[in-house]
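Q: I'd like to ask some things about the structure below.
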Amino acid sequence: MTTLVRTEEETLLADAARGFLDEAAPITHLRGLRDEGRTHDPALWKAMADMGWTGVLVPEAAGGSDMGHAAANILAEEMGRTLVTSPFISTAVIAATALRQVSDDRANAALRQIADGSVTYALAVDEGAKFAPDAVELQASQEGNGFKLSGSKRFVVDAGQADRLLVLARSQDGLTLFDIPSDRAGITRTARSVIDSRDAADIEFDAVEATGDDVVGNIDDGLTVLKPALEAGQAALAAELTGLAAGAFGRTVEYLKERKQFGVQIGMFQALQHRAAHMWCESEVTASAVLHAGRKLDEDPQNATLAVSLAKARATDTAQLTVREGVQMHGGIGMTDAFDMGFYMKRARVAAEWLGDYGHHAAVVANLRWGAEA
Amino acid sequence: MQDISDLDSFRTEIRYWLEENCPEQMRDGDTSEDSICWGGKNWNFTSSAQKTWLERCASVGLTVPTWPKAYGGAGLSRDQEKIFHEEMARINARTPLQSFGIWMLGPALLQFGSHEQKLEYLPPIARGEIRWCQGYSEPGAGSDLAGVQSKAEDQGEHWLVNGQKIWTSYADKADWIFALLRTDRDAPKHKGISFILIDMSTPGVSTRPIRLISGASPFCETFFDNVEVPKTQVVGTINRGWDVAKYLLTHEREMISAGGALMGGGRSLGEVIASSETGLSDPVLRADAMRAEVDGLAVNLTIERYKDQVEGGGSVGDASAMLKYMGTELNKRRLEVMMSAGGSDALNWVDTDAPSWLRSKANSIEGGTSEVMLSIISKRVLGLPG
C-alpha cells in the first residue's frame with residue numbers, strides 16, 4: 001500500500017484547495033448564508049465543478065477528474081477547516097461512488113452531470129433518529145413494470161436543495177436503491193432548521209412512481225452499490241471532521257497566545273497547556289486513521305470497512321473534544337454568536353451524527369476485530 | 001531508494017542466509033521477557049541455540065543491521081533493513097540480541113563519538129559482549145533531569161566521580177554505564193553536564209536493586225564513591241552532554257511508545273475477552289474495551305505513519321513525545337480493561353496480566369513522564385509561552 005505520508009501531488013492539492021477556500025468560502029461565507037436564510041451557494045458549487053472537485057470520483061470517460069478517495073478526503077478536510085457549506089459529500093462522494101459501481105448509460109449520464117456541476121444529490125436512507133441502513137421500511141411495491149415508493153425518510157442531508165435523491169427502499173426480497181428527481185410527483189420535502197445552518201430535510205413518499213430505469217444496480221441488491229458509497233461518504237466526513245478540528249484548534253492555540261489574564265498570556269498556564277497538547281496528540285493519531293482510510297478505499301476497497309469505521313469513530317471523538325475545549329478555553333467570548341467557535345461546535349455535532357456516530361462505528365470496529373458474539 | 005532488482009536479489013540472499021543459519025528453536029518469535037538475549041559478560045544463554053544464533057548474526061553484522069561494517073554492523077540501507085525485518089518475521093525468528101547498547105548508546109556514539117570511541121565500544125555491543133546501562137535519573141533529578149548533581153571532577157590524569165543514580169535499568173547485570181555527570185557547577189544547569197562512559201568494575205561503583213510494585217526488580221540504585229575514570233571516556237564535547245542526552249531521549253521515547261502500544265503480557269484485547277468467563281457482557285467494560293481497541297488501532301497506524309515518514313527521509317522530532325504519551329497512556333488503559341475482563345481470575349501473581357498491569361504504570365513515568373511530554377509539546381510544537 002502507498003505509505004501513510006502525503007504524496008507531493010496530495011500536498012499540492014491541499015495547498016491549492018486551502019488557497020481557494022480561504023478566499024471563496026471562509027467562515028464569513030457560512031455566516032452570510034445563514035443570515036440570509038440560505039443553505040446553498042450555486043456560484044461556489046460551479047467554481048468547485050470548474051476545478052474538477054465535483055468530479056473527483058467520476059471516471060475520466062464521464063468527464064471527471066477521477067483523483068480517488070484520498071484526494072476526495074483532502075478536499076473534504078480543507079472544506080472542514082472553514083466549514084464550507086456545499087453538497088460535496090452527498091453528491092461528489094456518495095452519489096458518484098454509488099453510480100460508478102454500475103456501468104449503464106443512465107449512470108454514465110448522471111456521473112457526467114455530477115462532474116460538470118449541473119446536478120446535486122442527497123442520500124435518503126435513515127427513517128429513525130439514528131443511522132441504520134438495515135432498518136429501512138420505506139416500501140417499494142412492484143406495480144406492473146415499475147414500483148411505487150411509500151414511506152418516509154428522516155434527516156436527509158442536502159435534500160432541501162438537491163436535484164436528485166438516492167433512495168433506499170425495501171423491495172420484495174431485499175433493499176433496492178433508486179435514483180429519482182427530487183420533485184417527482186408524490187414527494188414532499190420539509191426543510192429542517194438544523195443547528196449547523198446547513199441543508200437537511202424530512203421527506204414523505206406518497207405512492208411515488210419509479211421504473212426499472214430508476215434502479216441503481218440490481219433490484220433487491222441495493223447494498224452492493226450503496227456500501228462502498230456509504231464508506232466513501234463516512235471517510236470523507238471523517239476527513240471533514242479532521243479539518244474542522246484543525247480549524248477550531250488553530251484558533252484556540254492563537255487565542256491562548258493572545259488573551260491576557262492575571263497579567264500574562266493564558267497560554268502560560270500549565271492547566272491549559274497540557275489540555276492543548278493533549279488535543280494535538282489526539283489530532284495526530286486521528287490523522288493517521290483518516291489517511292489510512294483513504295488509502296484503503298483507493299487500493300483495497302473490498303476490505304475498507306474497518307479502516308473507514310476507525311477513521312469516523314476517531315475523527316468524531318477528536319472533533320468533539322476540540323470544539324468542547326475550544327469553547328471552554330475561549331471563555332465567555334466562545335459562547336457568543338459573533339465569534340466563530342460556536343459554528344465549529346454545531347457542525348461537529350451534526351457531522352458526528354450523520355452516517356453513524358461514535359458508538360455505531362466503534363461497534364463496527366469491535367465486531368470486525370473480536371467477532372459479533374464478543 | 002535503491003534499484004528494485006538489487007533489493008529483490010538482496011531479499012533472496014537474506015532469505016537464503018536466514019534459512020541456513022537461524023536455528024529451529026529460535027523460530028518461535030519474541031514471545032516473552034525470557035526469550036530476550038541481552039548479552040554481556042555475565043550473560044547465561046538459555047540454550048545453545050540462543051548462543052549460536054547470536055554468534056552467527058554477529059559474524060555478519062546482523063545484530064545491528066544498519067551500523068557501518070567497520071563498527072560491527074552490516075551496513076544495510078533503510079530499504080534493506082526493512083526487507084531484513086520482513087524476512088525475519090516471515091520465519092518468526094527471534095531478535096538475536098537486544099540491549100541498551102544497541103538502542104541507545106550506539107546511536108549516540110554514531111552521532112557524537114570520536115572514531116576511536118566508535119571502534120572501541122561499538123563492536124563489543126554488536127557482538128553482545130558488553131552490556132550497557134543508562135545512568136540518567138537521580139533522587140533529586142527526575143523530571144528535572146538537567147538538575148543532576150552527581151559530579152565528575154577534573155583531576156588532571158582522570159575524572160573523579162561521586163554521586164548516586166537511580167532507576168538505572170538492569171545496572172546489576174550491566175558491564176558498563178553511560179552517565180550524565182556535572183562537570184561545571186558554575187555554569188547554567190544545561191551547560192555544565194558531560195556524557196561519560198564508566199566501566200562498572202572500576203573500584204567505587206556499586207549497585208542495589210529496587211523492588212517494584214510488580215514484584216520485579218528491573219531498576220537499581222547505582223552509587224559512585226571516588227571512582228577514577230580515564231579522561232578519554234567523555235562522549236562529545238565536555239559540558240555539552242545535554243545535547244547527547246536529548247538526542248538519546250528521543251530514541252528512548254520512540255522505543256517505549258512502540259513497545260507500549262503493542263505490549264500487554266503478549267496478549268491482545270481480543271484474546272483476553274475471548275478467554276474471560278463473561279466476555280464483554282458488562283456494558284461499561286464493553287464500552288471501555290471498544291474505546292481502547294479503536295485507540296490502539298489508531299496509535300499503531302500513527303507509529304506506522306511516522307516510520308513511513310522517517311523512511312521517506314523525514315524526521316519524527318518532537319512528535320516522539322506524542323507517540324510516547326499516547327502509546328503509554330493507552331497501554332495503561334488496555335491493561336485496566338484486561339484486569340476487569342479477568343475478574344478475580346486476574347488477581348493471582350502467576351499466569352495473569354497482573355504483573356504487566358502493574359509494570360505498565362511505569363511506562364508513563366520512565367523516559368519522561370506524560371506531563372513532561374505534554375509540556376514539551378505545548379512549548380516546542382504549539383509554541384505556547386513560558
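The values are calculated or read from the model by the stated rules, or taken from the named source; none is laboratory data. Remember, predicted model here, so these are calculated numbers, not experimental data. Here the Cβ positions follow ideal geometry from the backbone for every residue, glycine too, while neighbour counts run over all protein chains shown.
Q: How many residues, within the range B:336-383, are within 14 Å of another protein chain (Cβ to nearest Cβ) and closer than 25 Å to B:Val284 by Cβ? Give the derivation first.
A: Residues of the range B:336-383 that are within 14 Å of another protein chain (Cβ to nearest Cβ), as a first pass: B:337-338, B:341, B:364, B:368-383.
Now drop any that are not closer than 25 Å to B:Val284 by Cβ, which leaves B:337-338, B:341, B:364, B:370.
Count: 5.
Q: Now for a different question. How many residues are in contact with a strand residue (DSSP E or B) (Cβ under 9 Å, 6 or more places away or on another chain) and not β-branched (Val, Ile, Thr) when one looks only at the range A:332-374?
A: Count: 3.
Q: Next question. Consider A:Ser197 carefully, then state whether it is touching a residue at least 12 places away in the same chain (Cβ under 8 Å), surrounded by fewer than 21 Cβ atoms within 10 Å (Cβ to Cβ), part of a loop (DSSP other than H, G, I, E, B) and not aliphatic (A, V, I, L, M). I'd like the intermediate steps shown before the answer.
A: Working: touching a residue at least 12 places away in the same chain (Cβ under 8 Å): yes; surrounded by fewer than 21 Cβ atoms within 10 Å (Cβ to Cβ): yes; part of a loop (DSSP other than H, G, I, E, B): yes; not aliphatic (A, V, I, L, M): yes.
In short, yes.
Q: Condition first: part of a loop (DSSP other than H, G, I, E, B) and in contact with a Ser or Thr (Cβ under 7 Å, 6 or more places away or on another chain). Now tell me which residues in the range A:1-25 satisfy that.
A: Hits for the range A:1-25 are A:Leu4, A:Ala25.
Q: Considering every residue within the range A:348-357, establish whether at least one is over 22 Å from A:Ala277 (Cα atoms), surrounded by 20 or more Cβ atoms within 10 Å (Cβ to Cβ) and within 14 Å of chain B (Cβ to nearest Cβ).
A: Within the range A:348-357, one or more residues are over 22 Å from A:Ala277 (Cα atoms), surrounded by 20 or more Cβ atoms within 10 Å (Cβ to Cβ) and within 14 Å of chain B (Cβ to nearest Cβ).
Q: Follow-up. May I ask you to list pairs of residues, at least six apart or on different chains, whose Cβ atoms are under 6 Å apart, with the first in the range A:41-61 being closer than 17 Å to A:Gly233 by Cβ and the second being surrounded by fewer than 22 Cβ atoms within 10 Å (Cβ to Cβ)?
A: Qualifying pairs under 6 Å: A:Thr54/A:Gly117; A:Gly55/A:Ser65; A:Val56/A:Ser65; A:Val56/A:Met67.
Q: Looking at the range A:169-194 only, could you name the residues that are assigned to a loop (DSSP other than H, G, I, E, B) and either among the aliphatic types (A, V, I, L, M) or under 30 Å from A:Arg34 (Cα atoms) (or both)?
A: A:Ser182, A:Asp183, A:Arg184, A:Ala185, A:Gly186, A:Arg192, A:Ser193, A:Val194
Q: Could you grab the pairs with beta carbons closer than 8 Å, sequence gap of 6+ or different chains, first residue in the range A:304-320 and within 10 Å of another protein chain (Cβ to nearest Cβ), second one of a type in the set (D, E, K, R) and outside any helix (DSSP H, G or I)?
A: none
Q: Mind listing whichever residues of the range A:250-279 are in contact with a Gly (Cβ under 9 Å, 6 or more places away or on another chain) and within 17 Å of A:Pro26 (Cβ to Cβ)?
A: Across the range A:250-279, the qualifying residue is only A:Arg251.
Q: Just checking, how many residues over the range A:188-218 are more than 20 Å from A:Gly128 (Cβ to Cβ) and either not charged (D, E, K, R) or not assigned by TED's automatic domain parsing to the domain that holds A:Glu137 (or both)?
A: 10
Q: If you don't mind, another one. Within the range A:42-80, how many residues turn out to be buried (at least 24 other Cβ atoms within 10 Å of the Cβ) and not in a loop (DSSP other than H, G, I, E, B)?
A: In the first step, residues of the range A:42-80 are kept if they are buried (at least 24 other Cβ atoms within 10 Å of the Cβ); the result is A:48, A:53-58, A:69-70, A:72-80.
Now narrow it down to the ones that are not in a loop (DSSP other than H, G, I, E, B): A:48, A:69-70, A:72-80.
Count: 12.
Q: For the range B:294-313, state whether one or more residues are in contact (Cβ under 8 Å) with a residue 24 or more places away in the chain, more than 10 Å from chain A (Cβ to nearest Cβ) and under 28 Å from A:Ala276 (Cα atoms).
A: No, the range B:294-313 contains no residue that is in contact (Cβ under 8 Å) with a residue 24 or more places away in the chain, more than 10 Å from chain A (Cβ to nearest Cβ) and under 28 Å from A:Ala276 (Cα atoms).
Q: Out of B:Glu129, B:Glu138, B:Glu116, I need the residue that is closer than 20 Å to B:Thr237 by Cβ, at pLDDT 95 or above and either touching a strand residue (DSSP E or B) at 6+ places or on another chain (Cβ under 9 Å) or surrounded by fewer than 19 Cβ atoms within 10 Å (Cβ to Cβ) (or both). Which one?
A: Criteria check complete, one pass: B:Glu116.
Q: So which residues in the range B:141-171 are under 24 Å from the mean Cα position of the chain (by Cα), surrounded by fewer than 19 Cβ atoms within 10 Å (Cβ to Cβ) and not in a strand (DSSP E or B)?
A: B:Gly142, B:Ser143, B:Asp144, B:Ala146, B:Gly147
Q: Quick check, is B:Gly236 at pLDDT 85 or above and either more than 14 Å from chain A (Cβ to nearest Cβ) or touching a strand residue (DSSP E or B) at 6+ places or on another chain (Cβ under 8 Å) (or both)?
A: yes
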